[in-house]
Number of protein chains: 2
Amino acid sequence: VSTHEVWVDLSASRERRYPVRVGPDALMSLARDLPRWAPAHTYALISDRTVMPRHGEKLAGELRGGGHRVETFTIPSGEEHKTRAEWARLTDAMLARELGRDTAVLALGGGVVGDMAGFAAATFMRGLPVVQLPTTLLAMVDASVGGKTGVDTAAGKNLVGAFHPPRAVVADTRLLDSLPEDQLRSGLAEAIKHGLIADADYLEWTETAFPRIIAGDDEARSALVARSVEIKAGVVSRDEREGGERKILNFGHTVGHAVEAVTGYSMLHGCAVGIGMVVEAEVGERLGVTEPGVTRRIREVLAGAGLPHTLPADVDPERVLAAARSDKKSRQGLVEYALLRRVGSADPGEDGRWSRPVPESLVREALGALGPLGSPGGARIAP
Amino acid sequence: VSTHEVWVDLSASRERRYPVRVGPDALMSLARDLPRWAPAHTYALISDRTVMPRHGEKLAGELRGGGHRVETFTIPSGEEHKTRAEWARLTDAMLARELGRDTAVLALGGGVVGDMAGFAAATFMRGLPVVQLPTTLLAMVDASVGGKTGVDTAAGKNLVGAFHPPRAVVADTRLLDSLPEDQLRSGLAEAIKHGLIADADYLEWTETAFPRIIAGDDEARSALVARSVEIKAGVVSRDEREGGERKILNFGHTVGHAVEAVTGYSMLHGCAVGIGMVVEAEVGERLGVTEPGVTRRIREVLAGAGLPHTLPADVDPERVLAAARSDKKSRQGLVEYALLRRVGSADPGEDGRWSRPVPESLVREALGALGPLGSPGGARIAP
């Protein structure tokens with residue numbers, strides 16, 4: 001199985017390029033590569049209570065065997081701990097071990113660890129280099145690339161944070177062998193999003209690849225991660241700070257984040273984003289921005305991946321709307337949505353802003369139209 | 001009186017240039033300039049309990065009169081409140097007012113407000129533009145320029161923060177009319193530092209200008225701020241992230257921060273930095289890096305500015321050494337010092353790193369050598 005290497009080019013940024021290495025056992029050469037990517041006196045390996053015993057201790061041993069000084073830090077697992085309070089505890093723990101500016105952070109885990117360790121790296125002594133080592137499919141295809149870091153507050157997700165691009169990303173697909181199947185499926189939602197916003201052929205390929213990816217085929221897993229990273233890297237390279245095009249990566253996320261918030265983050269991110277993509281495609285169709293039939297197609301793909309494609313009956317649409325109102329993508333009081341033009345293509349908008357304010361009443365209608373696939377609600381969308 | 005405009009050029013950074021405007025009534029054109037410097041739907045004017053009633057409410061009124069939406073936020077005054085907890089409260093207050101990404105921050109105050117509002121701007125929704133509006137001489141000549149933001153922790157000053165360059169800096173010297181004299185003197189210490197590290201003629205000029213600056217001469221105040229900002233801007237433009245040359249701005253600050261910490265931040269920053277410069281010059285002389293006589297010269301200049309030039313009798317040198325050990329400039333366990341070569345010139349070091357590790361025993365000796373000016377301890381240094 002080949003190792004893919006994709007480069008993110010932040011032409012307008014200080015650290016201009018960083019490699020994303022993808023493949024089975026890609027972590028095995030980390031001890032050798034670290035001095036080039038992020039030379040440091042000490043490496044702060046940050047992981048959570050699930051991943052540290054499973055993969056972190058072994059990796060720390062390998063790095064020490066390779067001649068590196070490693071200090072390990074374990075944070076609690078789960079989105080509910082991605083808070084300013086836990087970040088303060090983590091930075092205090094790093095200070096207590098007397099880490100200095102000549103430290104680099106290794107973020108080993110899923111999205112929560114990547115966001116939290118990345119934010120600690122962004123802010124510890126005004127910035128340490130970070131290498132992202134994603135351990136979930138979701139983090140591999142999405143969160144580990146692009147430099148977004150941050151924590152949640154009572155008002156919503158990721159409302160406090162920083163852009164802090166990693167020096168390198170290593171996605172070792174072998175780590176997915178120990179990942180629960182529902183978390184694999186959650187990762188597929190972001191890959192589906194990449195196909196929807198940028199590559200119709202890739203979307204079709206993912207449908208054929210789902211069974212192999214779930215079954216543990218390293219070739220299929222590596223190909224999926226690499227193509228998703230290529231798509232994301234292309235977008236991020238053109239617009240790191242989300243001034244325009246990068247907004248298309250938020251497709252499905254305004255409603256998705258709101259659904260997560262309403263369920264108290266008990267729903268997996270990918271599942272919520274899947275539902276969000278369906279609702280936002282329906283919004284696009286109603287606005288005449290998105291080609292008719294796209295919503296139905298998204299629901300079919302999600303169903304094929306074993307992902308939900310309608311709002312659970314116990315989730316109140318009005319609470320979803322209320323949560324969406326506090327989204328940080330809101331401008332001048334109206335919530336902004338990135339919309340599709342068709343499958344494989346996002347809508348740049350007439351003003352090239354890649355997102356547009358949408359009246360809440362329209363989102364309410366779209367939420368209400370989501371019956372089961374094939375029901376009157378679902379069928380109404382089809383021709 | 002003329003208005004000076006200095007440009008900081010961050011050639012390797014995303015926001016490449018920003019203006020620093022200096023002069024009496026320089027704030028009066030803010031309403032007109034803001035849309036160009038930092039276009040925003042809402043301006044978050046952040047100040048403290050001292051400055052908000054004195055200057056903030058008037059400024060907010062002027063900006064509203066100029067057609068801008070302004071929300072004001074008042075934080076507690078004083079270094080002891082520059083904490084992660086207060087930063088969390090501030091970001092929560094900004095979220096409670098439903099500020100979005102289309103907000104820009106105006107930081108009106110001294111160094112504490114600049115650091116705290118700057119860090120809030122750096123991290124609120126992963127970064128808002130900030131315009132620094134310094135109200136103290138210290139913040140005008142130093143803290144408002146250069147993009148350093150952050151908060152203190154129990155382990156030391158500024159240990160958590162971010163580099164977040166402002167879009168513009170406006171130093172209205174008329175605001176200094178209401179500043180207590182001891183705070184004016186505190187600001188002079190950083191101006192003396194700028195002369196010492198970069199411009200011997202400027203150092204001589206400052207000595208002649210001190211009485212006029214204390215007496216309220218706008219021409220002298222503007223000239224002092226403008227020249228200090230020019231020196232600092234030159235250094236920061238060449239090395240934003242303190243990889244090398246920028247370290248010379250830390251001259252006097254390793255010992256200075258330690259003295260501040262030991263006095264529980266009851267000593268003004270400039271006073272502590274003055275003492276720190278004396279100690280670090282003495283260290284340099286003992287190492288043979290700094291020309292003999294420089295320490296004595298620094299003590300004379302500080303005395304002329306009415307600033308302390310020796311460690312207060314009630315401060316234990318051993319506690320200063322202990323506090324210096326936790327400085328974030330430490331690398332590989334040894335505390336690093338930026339040293340002078342002579343008056344007007346810093347020492348790049350043999351390796352061009354602009355700072356060097358110094359054995360603690362030598363710093364202990366330097367601290368012990370500081371008797372009163374003219375005493376055996378002081379005289380020993382002179383030829």
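Key figures
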read-out	value
The stretch A:249-272: number of residues that are within 13 Å of the chain's Cα centre (by Cα) and open to solvent by less than 10 Å² (accessible area, probe 1.4 Å)	5
Number of the exception - residue A:78 against (1) out of contact with any strand residue (DSSP E or B) (no Cβ under 6 Å at 6 or more places or on another chain); (2) away from chain B (no Cβ under 14 Å); (3) over 24 Å from residue B:88 (Cβ atoms)	(3)
Residue within the stretch B:193-202 that is buried (at least 24 other Cβ atoms within 10 Å of the Cβ) and either of a type in the set (Phe, Trp, Tyr) or over 15 Å from the mean Cα position of the chain (by Cα) (or both) present	yes
Matching option when the condition is of a type in the set (Gly, Ala, Ser) and closer than 11 Å to residue A:115 by Cβ, among A:162, A:154, A:168	A:162
Number of the condition not met by residue A:314 [criteria: (1) crowded, with 16+ Cβ neighbours inside 10 Å; (2) in a loop (DSSP other than H, G, I, E, B); (3) of a type outside the set (Gly, Ala, Ser)]	(1)
Output for the stretch A:115-142, where each listed residue is away from chain B (no Cβ under 14 Å) and either over 27 Å from residue A:253 (Cβ atoms) or small (Gly, Ala, Ser) (or both)	A:117, A:139
The listed residue being closer than 23 Å to residue A:82 by Cβ, open to solvent by less than 70 Å² (accessible area, probe 1.4 Å) and either more than 14 Å from chain B (Cβ to nearest Cβ) or modelled with pLDDT of 90 or more (or both), out of A:67, A:61, A:56	A:56
Residues of the stretch A:111-162 satisfying the condition of being of a type in the set (Asp, Glu) and more than 21 Å from residue B:121 (Cβ to Cβ)	A:142
Residue tally, condition open to solvent by less than 50 Å² (accessible area, probe 1.4 Å) and touching a Leu at 6+ places or on another chain (Cβ under 8 Å), over the stretch B:287-305	8
Residues being within 14 Å of another protein chain (Cβ to nearest Cβ) and open to solvent by 10 Å² or more (accessible area, probe 1.4 Å) - total across the stretch A:100-110	2
Residue check for residue A:237: over 17 Å from the mean Cα position of the chain (by Cα) and open to solvent by 10 Å² or more (accessible area, probe 1.4 Å)	no
Filtered residues of the stretch B:292-321 (kept if closer than 21 Å to residue B:357 by Cβ and touching a strand residue (DSSP E or B) at 6+ places or on another chain (Cβ under 9 Å))	B:294
Hits in the stretch B:22-42 (condition: within 14 Å of chain A (Cβ to nearest Cβ) and in contact with a helix residue (DSSP H, G or I) (Cβ under 8 Å, 6 or more places away or on another chain))	B:40
Criterion: open to solvent by less than 10 Å² (accessible area, probe 1.4 Å) and not acidic (Asp, Glu) - qualifying residue of B:128, B:138, B:95	B:128
Test: residue A:278 is modelled with pLDDT of 95 or more, farther than 18 Å from residue A:159 by Cβ and in contact with a Lys or Arg (Cβ under 6 Å, 6 or more places away or on another chain)	yes
Residues satisfying the stated conditions in the stretch A:168-197, i.e. among the aliphatic types (A, V, I, L, M) and in contact with a His (Cβ under 7 Å, 6 or more places away or on another chain)	A:175
The one condition in (1) open to solvent by 10 Å² or more (accessible area, probe 1.4 Å); (2) outside any loop (DSSP other than H, G, I, E, B); (3) over 26 Å from residue A:128 (Cβ atoms) that residue B:275 fails to fulfil	(1)
The one condition in (1) part of a helix (DSSP H, G or I); (2) open to solvent by 30 Å² or more (accessible area, probe 1.4 Å); (3) of a type in the set (A, V, I, L, M) that residue B:367 fails to fulfil	(2)
Yes/no for residue A:215 being surrounded by 16 or more Cβ atoms within 10 Å (Cβ to Cβ) and among the small types (Gly, Ala, Ser)	no
Any hit, the stretch B:235-244, residues being over 26 Å from residue B:326 (Cβ atoms) and either touching a residue at least 60 places away in the same chain (Cβ under 8 Å) or touching a helix residue (DSSP H, G or I) at 6+ places or on another chain (Cβ under 8 Å) (or both)	yes
Residues (under 22 Å from residue A:160 (Cβ atoms), in contact (Cβ under 8 Å) with a residue 60 or more places away in the chain and β-branched (Val, Ile, Thr)) located in the stretch B:143-197	B:151, B:153, B:160
Residue list for the stretch B:158-190, filter: buried (at least 24 other Cβ atoms within 10 Å of the Cβ) and within 14 Å of chain A (Cβ to nearest Cβ)	B:160, B:161, B:165
Set A:123, A:83, A:103, A:91: member being closer than 26 Å to residue A:180 by Cα and among the hydroxyl-bearing types (Ser, Thr, Tyr)	A:83
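The values are calculated or read from the model by the stated rules, or taken from the named source; none is laboratory data. Since we're looking at a predicted model, the values are computed, not measured. All Cβ positions, glycine included, derive from the backbone under ideal geometry; neighbour counts span all protein chains shown. Note: areas computed on protein heavy atoms with side chains; ligands, DNA, RNA excluded. Shrake-Rupley method; radii C 1.70, N 1.55, O 1.52, S 1.80 Å.
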